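S.K.: Input: one structure, supplied below.
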Amino acid sequence: MGKLLCDPSAAAVAEALPPSPAPAPPPPLLAWSAPSPVPSPEPSTSPTGWDAVWALEDQQRRRLHRIWERGVAWKPSSPGAGEALAAAAAPAPAPAVVFRLDHGGEVDADGNCLFTAARTAAAAKADARELRHRAVRRFAEVYAAAGEDDKAAVDAAVRHLYAPDLKAGWGVHVVQEIKVLVPKAQRDALDAAIQELVDLGIQREIAAETIYKERCITVDNGDSWTKYMSISGSAEDEHDIITLQYTEEGLLTIDENRDGRAAAFGDDIAIECLATEFKREVYVVQAHGADAMVDEDNCVFFLPHRPRGEICEPPIFLFMKGTAWCGAGADHYEPLIATVLQHVTPEKAAVVL
C-alpha cells in the first residue's frame with residue numbers, strides 16, 4: 001500500500017533535508033557509459049501484458065499500451081552549478097535513451113508493496129523487509145544531521161500525512177486518519193486502562209480513543225516516522241499501528257490491529273530514501289481513471305523522486321493505479337520492468353521525462 005503527497009506543504013519534504021555530502025573527490029554524475037537493461041524477468045513482446053493487468057479502465061489501458069509501443073525517453077540530469085568543475089573533467093553524460101515499460105506482475109497487498117515492487121523493478125537482492133529498513137536508516141541519518149529549520153519542514157510534512165489537523169481538509173477528504181504506535185509489550189496495559197474507563201460508563205470507542213491518544217506515539221515528526229516506517233507487519237516489529245478514522249462529524253472507527261499484521265504504507269519520503277539507497281531516480285507511474293476528470297492523453301503521470309547525491313544507473317519505475325482526482329486514494333504499488341528500445345529515437349517516444 002502507499003500514499004502520495006498531494007498537498008504543497010507536505011511535498012516540501014523533497015527540499016527540506018540537505019543532500020547527503022558527496023565524497024571527495026566528487027564522482028562523475030553518472031558512473032555508467034550507456035544504460036543497459038536491468039536483469040529482470042523476460043518482458044512481454046506484445047501488448048497483451050497490459051491487457052492482462054486487472055482493474056484498469058479502457059482509457060488507462062489504451063494510454064499505457066501507447067506508452068508501451070513508443071516508449072519513455074529519459075536523459076540523465078545535468079550537473080548543478082556546484083558540480084560544474086568536476087563535470088568538466090568527467091566523461092560526457094550518456095545520451096537520452098528510450099525504455100519500454102512492461103508490467104512486472106502482481107504484488108501482495110500486505111502493506112509492503114512499495115518495497116516489494118521496488119525490489120522487483122530494481123532486481124535487488126535484498127528482500128522487501130531489508131529494503132524497508134535500509135530506507136529508514138537512510139532517512140534517520142540525514143534527519144539527525146539536518147538543521148532545525150529543515151527538521152521543522154520534515155515534521156510538518158509527516159504531520160500532514162499521519163496526524164492531520166481535523167479542523168481542515170474536509171473539502172478534499174471524506175475520511176481522515178490519525179496513526180499512533182503502541183509498543184507490543186504494552187498492549188495488555190492499554191487494554192486494562194481502556195476497560196477501566198468502560199467500567200466507569202464511557203463508551204468503549206471513546207475510551208479507546210482517549211487512551212490511545214494519551215499513551216501512544218503519534219506519528220507527527222521525523223523521529224516517530226522512523227518508528228512507523230520500520231513496521232512491516234511481522235512479529236519482529238517493536239510497535240503495532242493503530243489507526244483512528246474520522247469524518248467531519250467526529251470519530252468513525254478505530255482499527256486496533258489486534259493481530260499486529262498491519263504494515264506502514266510506503267510514502268513519498270520512503271520513495272526518496274529508496275532512490276538515494278539505489279542511487280537511481282524512481283518514477284511513480286500513476287494511471288488515473290474517469291473519476292479523475294482528465295482526458296485519455298493526460299491520464300498517466302510520471303512522478304519523479306530524485307536521490308540525494310549522484311545518479312549511477314537508469315531509473316526505477318513503479319506503477320500505481322490512481323483513484324479520485326487528488327490522487328490521495330491511490331494505494332498500491334506494482335513493479336514496472338524497463339528495457340531499452342534500441343531503435344527508437346527520443347523524439348518519437350510517447351513520453352519524455
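Coordinate-derived values only; no laboratory data. Quantities reported herein were computed from a predicted structural model and do not represent experimental measurements. Positions of Cβ are generated from backbone atoms using ideal geometry, with glycine treated the same way; all protein chains shown enter the neighbour counts.
S.K.: What residue among Pro164, Tyr228, Leu200 has its Cα farthest toward the positive end of the dipole of the stretch 145-272, where the charges are +1 on Lys, Arg and -1 on Asp, Glu, each on the Cβ?
M.R.: Result: Leu200, furthest along the dipole toward the positive end.
S.K.: Another question, if that's okay. Mind giving me the FRET efficiency for Ile206 and Asp108? R0 is 30 Å, r the Cβ-Cβ distance, nearest 0.05 is fine.
M.R.: Step by step, r from the Cβ atoms, then E = 0.30.
S.K.: What pairs in Lys151/Lys179; Lys151/Lys279; Lys227/Lys321; Lys125/Lys184; Lys125/Lys279 have C-alpha atoms more than 25 Å from each other?
M.R.: As for pairs spanning more than 25 Å Cα to Cα, those are Lys227/Lys321; Lys125/Lys184.
S.K.: Are there any chymotrypsin sites (Phe, Trp or Tyr not before Pro) in the stretch 222-255 that are in a DSSP loop and have at most 12 other Cβ atoms within 10 Å? List them by number.
M.R.: On the way: sites: Trp225, Tyr228, Tyr246; in loops: none.
When the chymotrypsin sites (Phe, Trp or Tyr not before Pro) of the stretch 222-255 are filtered for loop state and at most 12 Cβ neighbours within 10 Å, nothing remains.
S.K.: To continue, here is another question. Using a 7 Å offset from the Cα along the Cα-to-Cβ direction at both Ala144 and Ala55, what is the distance between the two label points in nm, to one decimal?
M.R.: Computed distance between label sites Ala144 and Ala55 equals 3.8 nm.
S.K.: Let me ask another. Can you give me the distance in nm between label points at Trp170 and Arg306, each placed 7 Å from the Cα along the Cα-to-Cβ direction?
M.R.: Output for this residue pair reads 4.0 nm.
S.K.: With the contact rule set at Cα under 8 Å and sequence spacing of 6 or more, what percent relative contact order holds for the stretch 230-325?
M.R.: Contact order relative to length: 25 percent.
S.K.: Once you put a point 7 Å from the Cα of Glu238 and another 7 Å from the Cα of Val352, both along the Cβ direction, what distance in nm separates them?
M.R.: My value for the distance between the label points is 4.9 nm.
S.K.: So if each residue of separation counts as 0.36 nm, and I subtract the Cα-Cα distance between Ala126 and Asp188, what length gain in nm does that give?
M.R.: Full-extension gain reported as 18.9 nm.
S.K.: How high is the FRET efficiency from Ile217 to Lys75, r the C-beta distance, R0 45 Å, rounded to 0.05? Before the final figure, lay out each step's value.
M.R.: On the way: r = 43 Å, r/R0 = 0.96.
With R0 = 45 Å, the Cβ-Cβ based efficiency is 0.55.
S.K.: For the ranges 277-288, 196-207, 61-72, what's the packing order if you count other beta-carbon atoms within 10 Å of each residue, average per peptide, and put the highest first?
M.R.: Ranked from most to least packed, the peptides come out as 277-288, 61-72, 196-207.
S.K.: Let me ask another. Taking the Cα centre of the stretch 146-255 as the origin, how large is its charge dipole in debye, to the nearest 20, when only Lys and Arg (+1) and Asp and Glu (-1) carry charge on their Cβ atoms?
M.R.: Details: 10 positive and 22 negative charges, 15 e Å.
My answer is approximately 80 debye.
S.K.: To continue, here is another question. Which order do the peptides 118-125, 267-274 take when ranked by the mean count of other beta-carbon atoms within 10 Å per residue, highest first?
M.R.: 267-274, 118-125
S.K.: Contour minus end-to-end for Ala290 and Arg261, with contour as 0.36 nm per residue of separation and end-to-end as the Cα-Cα distance?
M.R.: In short, 7.1 nm is gained.
S.K.: Explain nothing, just the number: relative contact order of the stretch 146-255, from Cα pairs under 8 Å at least 6 residues apart, as a whole percent.
M.R.: For the stretch 146-255, the relative contact order is 36 percent.
S.K.: If each residue of separation counts as 0.36 nm, what is the full-extension length gain between Arg62 and Thr253 once their alpha-carbon separation is subtracted?
M.R.: Additional length available on full extension: 64.9 nm.
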